[in-house]
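Student: Below you will find the structure I want to go over with you.
Coordinate-derived values only; no laboratory data. All values reported here derive from a predicted model rather than from experimental measurement. All Cβ positions, even for glycine, are placed from backbone atoms using ideal geometry, and neighbour counts span all protein chains on display.
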Amino acid sequence: MILYDAQNRTYTIHTQNTTYQMKVWDYQVLLHAYYGPRVEGADLSYLLRCKDRGFSPNPNEAGGDRTFSLDTFPQEYSTFGVGDYRLPSIELESSNGSHTVDLRYVSGEVRKGKYGLEGLPAFYGGGDAWETLSIILRDAAAQIEVELLYGVLEEYDLITRAVRVKNAGRETVRLLRCASLCLDFIHSGLDMITFNGAHVAERRPCRVPLHPGIQGVDSTRGTSSHQHNPFVILCGQNAEEDYGLCYGAMLLYSGNFQALAEADQFQNSRLVMGLNPYQFPWTLEPGTSFTSPEAALVCSPSGFGQMSRQFHKAIRKNLIRDPYAGRRKPVLINNWEATEMNFTADKLVEFAQEASGLGMELFVMDDGWFGVRNDDNAGLGDWTVNEEKLPGGLKALVERIKALGMVFGLWIEPEMVNEDSDLYRAHPDWILNVPGRRPSRSRNQLVLDFSRQDVRDNIYEQIKKVLASADISYVKWDMNRSLTEVWSAALPAGRQGEVYHRYVLGIYEFAERLSQDFPGLLLEGCSGGGGRFDGGMLYYTPQIWCSDNTDAADRLRIQYGTSFCYPVSTMGAHVSAVPNGVTKRVIPMDTRGVVAMHGTFGYKMDLRACTPEEKETVRRQTAQFKEHCMLIQEGDYYRLSDPFQNGPYTAWEHVSANRREALVSVVTGTFRGAPPFLALPLKGLDPALHYRVNGEGDWPGAVLMQTGWPLPVPDGDYQSFQLYLEAE
Ligand code: GLA
């Protein structure tokens, strides 16, 4: 619910459990008054104090009043050069060279429904579930109009934000910074949690108290990156899984981003999140606008678990566009780790036959099916089927796979090119590269200039032809390097700063075309695993390969970190062979299966090489996943332990919406002598209902939550247990 109180000049947003308020203060300055647990009927600006502070300037209109300073008040969208010395949200260069921006409130409007953002991913939804608030601010001297957009999804405590900047003058301006959100707090004592890592070690939570000055994370790689995720949490220092106040902020963006927090001289805190201003001057001609990516906030007054569950529901129901919505997705088998690029059609069919016999339903042919692609030094850019490997083309292979009762999927990496390819030989100028420099290689490949329509069109037409040539149900869209030498032949010198963002817009346009032309196609995103795991890509690809690290012990940590923002249904997770390719660890098949069920579930191994016992395990696991798939993918998710604590086990739980069903999964750590007798308290059950556990007994929900369930005593490393609870 969005309320405007004309007398107090406050805009108040209520969600189910939270309240957000801003106030039009003196001189039309828009201040941020409050964001936190739901409170009714108050003008919360009584919390703001006017005080003369040394070296904090006063706007000219304030005359002799020294108590009004932008430097001391919480701002709704912080400016630059007019007295607020903290993190700016916007910065521009006017035609006279000035960087100053001074925004004052003009008007506000409340609308039913959710705003959309042209060419950018955004939360969506029809009916009355959403409301939009649009606030117009203006800088009269710079002749800039700024629209602050707020989307409100009450049920999930979700508030989205985006910003449109319009050049309302007659001169060209350069936009240097345009954050998607600014969030001020009139206190410090907050911790910041960021999710960091590397290729094969993504999204490790790192919690630090805010210290005076600026801290945060960003990406300059052209993708959202393995190194830092565009999702951060600010929380009270006492906040934990089921207790305390926390604020999650996600950015729906797949390129260079920045999320910075500042603790200032008066112990106020500020979070600014959006596009990375590094390498981002955007030219705004008179009359044109720039739209920021969308950010989304969830505030939880009762800990991280509740925050995550609200994000999960909003992402599942109002962000991803899943052709399988409400239906079980087919269980997948992928040939990559078994064959890499060394395969023939016959080998793939043999491989699929084994998988189909064990219950798998979707066969995915990974890298190596196109051009002259026998290793990773050639072929990218030539999206025509390699008929030496696949005689008769895709159609022939797909028909053979379908005859096994399976559907078919394909790997692509549209943004890349190898120098050893027909495409590169014909168009060496289509890559991102600075004239006079030699382009850096990574995995021996170069990056195509996806900021250019002609380049995208060429690749799109090639891929469209392939997808139209056979019955293809799934595509894995990979992206295996970071950007370097970012320069586009299609833009003049003064606009080269736009290339990073135009590249991302190009990706989104490409993805949108795919979804429009092939509406039933299930897209899985991938960037060497989780290098582009963000809300932006999730709008187009309802699932993303979580990490190239499939070791079950490492995956427990990667999936745990990922779960703070992103739902289990979006996490690509497969069982792979042991010793694991990355860690060389050997973890029992049972446990690998349980860990892959914390995701989309599938296999990435040569099942022909399994022992009869292992095959039996695969058959059982696949059947079990099919049975519980909807509970896992659509149920409420509870973290029952933190795998980074190195405790005796890692556990998590999925609970159905009506709380009549739950699945608890437990994986033990490395075995230590004389293991203790442990009981695991469950969460999210109905205290009044009685549950059968694995088909037996009659246990009150209240008892299971308070006293817990006794865990089997492990007798080896990395063992796993699952409990299926069903209400009587
Ligand atoms: C990336 C992906 C892998 C696989 C290879 C193929 O590394 O993450 O799953 O698809 O590319 O080259």
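Student: So for the range 500-523 (the condition being assigned to a loop (DSSP other than H, G, I, E, B) and either surrounded by fewer than 16 Cβ atoms within 10 Å (Cβ to Cβ) or within 16 Å of the ligand (Cβ to nearest atom) (or both)), does at least one residue qualify?
Tutor: yes
Student: Only one residue in Asp471, Asp457, Asp478 is buried (at least 20 other Cβ atoms within 10 Å of the Cβ), acidic (Asp, Glu) and closer than 29 Å to Pro323 by Cα, so which one is that? Working first, answer last.
Tutor: Values: Asp471 fails: buried (at least 20 other Cβ atoms within 10 Å of the Cβ); Asp457 fails: buried (at least 20 other Cβ atoms within 10 Å of the Cβ).
After applying the criteria, what remains is Asp478.
Student: Here's something else I'd like to know. Here are Phe257, Phe195: which of them is under 12 Å from the mean Cα position of the chain (by Cα), buried (at least 21 other Cβ atoms within 10 Å of the Cβ) and aromatic (Phe, Trp, Tyr)?
Tutor: Numbers: Phe257 fails: under 12 Å from the mean Cα position of the chain (by Cα).
Result: Phe195 is the single residue among Phe257, Phe195 that is under 12 Å from the mean Cα position of the chain (by Cα), buried (at least 21 other Cβ atoms within 10 Å of the Cβ) and aromatic (Phe, Trp, Tyr).
Student: If you don't mind, there's one more thing I want to ask. Restricting the range 540-564 to residues that are in contact with a helix residue (DSSP H, G or I) (Cβ under 8 Å, 6 or more places away or on another chain) and among the aromatic types (Phe, Trp, Tyr), which is farthest from the ligand (Cβ to nearest atom)?
Tutor: The extreme case among them is Phe564.
Student: Same structure, new question: Give the residues of the range 362-371 that are more than 10 Å from the ligand (Cβ to nearest atom) and touching an Asp or Glu at 6+ places or on another chain (Cβ under 9 Å), sorted by residue number.
Tutor: Residues satisfying the conditions are Phe370, Gly371.
Student: What strands (runs of 3 or more DSSP E) lie completely within the range 190-273 and have 3 or more residues being free of Cβ contacts under 8 Å to residues at least 60 places away in the same chain, out of contact with any Lys or Arg (no Cβ under 7 Å at 6 or more places or on another chain) and not charged (D, E, K, R)?
Tutor: Counting at least 3 such residues, we get 201-209, 213-218, 228-236.
Student: Out of Val466, Val385, which single residue is under 22 Å from Glu337 (Cα atoms), away from the ligand (no atom under 15 Å from the Cβ), surrounded by 19 or more Cβ atoms within 10 Å (Cβ to Cβ) and in contact (Cβ under 8 Å) with a residue 40 or more places away in the chain? Break it down into steps so the answer makes sense when it comes.
Tutor: Details: Val466 fails: under 22 Å from Glu337 (Cα atoms).
Being under 22 Å from Glu337 (Cα atoms), away from the ligand (no atom under 15 Å from the Cβ), surrounded by 19 or more Cβ atoms within 10 Å (Cβ to Cβ) and in contact (Cβ under 8 Å) with a residue 40 or more places away in the chain holds for just one of Val466, Val385, which is Val385.
Student: Can I ask one more? Which ones in the range 589-638 are within 16 Å of the ligand (Cβ to nearest atom) and part of a helix (DSSP H, G or I)?
Tutor: Of everything in the range 589-638, just one residue is within 16 Å of the ligand (Cβ to nearest atom) and part of a helix (DSSP H, G or I), namely Ala596.
Here is a yes/no grid of residues against (1) in contact with a Leu (Cβ under 6 Å, 6 or more places away or on another chain); (2) aliphatic (A, V, I, L, M):
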residue: Phe644; (1), (2): no, no
residue: Asn658; (1), (2): no, no
residue: Leu680; (1), (2): yes, yes
residue: Met705; (1), (2): yes, yes
residue: Leu723; (1), (2): no, yes
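Student: Looking for whichever is part of a helix (DSSP H, G or I) and away from the ligand (no atom under 16 Å from the Cβ) here; the options are Arg328, Arg400. Which one fits?
Tutor: Numbers: Arg328 fails: part of a helix (DSSP H, G or I).
Going through Arg328, Arg400 in turn, just one is part of a helix (DSSP H, G or I) and away from the ligand (no atom under 16 Å from the Cβ): Arg400.
Student: Here is a check on your reading of the model: is Asn374 within 30 Å of Thr611 (Cα to Cα), within 16 Å of the ligand (Cβ to nearest atom), surrounded by fewer than 18 Cβ atoms within 10 Å (Cβ to Cβ) and not acidic (Asp, Glu)?
Tutor: yes
Student: Also: Name the residue that is farthest from Leu30 (Cα to Cα), counting only residues in the range 56-94 that are assigned to a strand (DSSP E or B) and among the hydrophobic types (A, V, I, L, M, F, W, C).
Tutor: Looking at residues that are assigned to a strand (DSSP E or B) and among the hydrophobic types (A, V, I, L, M, F, W, C), I get Leu92.
Student: Cβ-Cβ distance below 8 Å, separation of 6 or more or different chains: which pairs start in the range 318-344 with a residue that is closer than 13 Å to Glu634 by Cα and basic (Lys, Arg) and end on one that is within 16 Å of the ligand (Cβ to nearest atom) and assigned to a loop (DSSP other than H, G, I, E, B)?
Tutor: Pairs that qualify, where the first residue is closer than 13 Å to Glu634 by Cα and basic (Lys, Arg) and the partner is within 16 Å of the ligand (Cβ to nearest atom) and assigned to a loop (DSSP other than H, G, I, E, B), are Lys329/Thr600.
Student: Could I ask something else about it? Look through the range 95-120, keep the residues that are in a strand (DSSP E or B) and in contact with a helix residue (DSSP H, G or I) (Cβ under 8 Å, 6 or more places away or on another chain), and return whichever of them is surrounded by the most Cβ atoms within 10 Å (Cβ to Cβ).
Tutor: Tyr105
Student: Additional query: So which of Leu410, Leu446 is without any contact (Cβ under 8 Å) to a residue 40 or more places away in the chain, within 16 Å of the ligand (Cβ to nearest atom) and outside any loop (DSSP other than H, G, I, E, B)? Walk me through how you get there before you give the answer.
Tutor: Values: Leu410 fails: without any contact (Cβ under 8 Å) to a residue 40 or more places away in the chain.
Of the residues listed, the single one that is without any contact (Cβ under 8 Å) to a residue 40 or more places away in the chain, within 16 Å of the ligand (Cβ to nearest atom) and outside any loop (DSSP other than H, G, I, E, B) is Leu446.
Student: Contact list please: Cβ distance under 7 Å, first residue in the range 684-709 and under 22 Å from Ser302 (Cα atoms), second residue among the charged types (D, E, K, R) and assigned to a loop (DSSP other than H, G, I, E, B), pairs at least six apart or on different chains.
Tutor: Gly684/Arg659; Leu685/Arg659; Asp686/Arg659; Gly701/Asp686; Met705/Lys683
Student: Those residues that are of a type in the set (Val, Ile, Thr) and under 21 Å from Pro567 (Cβ atoms), I need them from the range 644-676; list them, please.
Tutor: Once the filter is applied, which keeps residues that are of a type in the set (Val, Ile, Thr) and under 21 Å from Pro567 (Cβ atoms), the range 644-676 yields Thr650, Val655, Val664, Val666, Val667.
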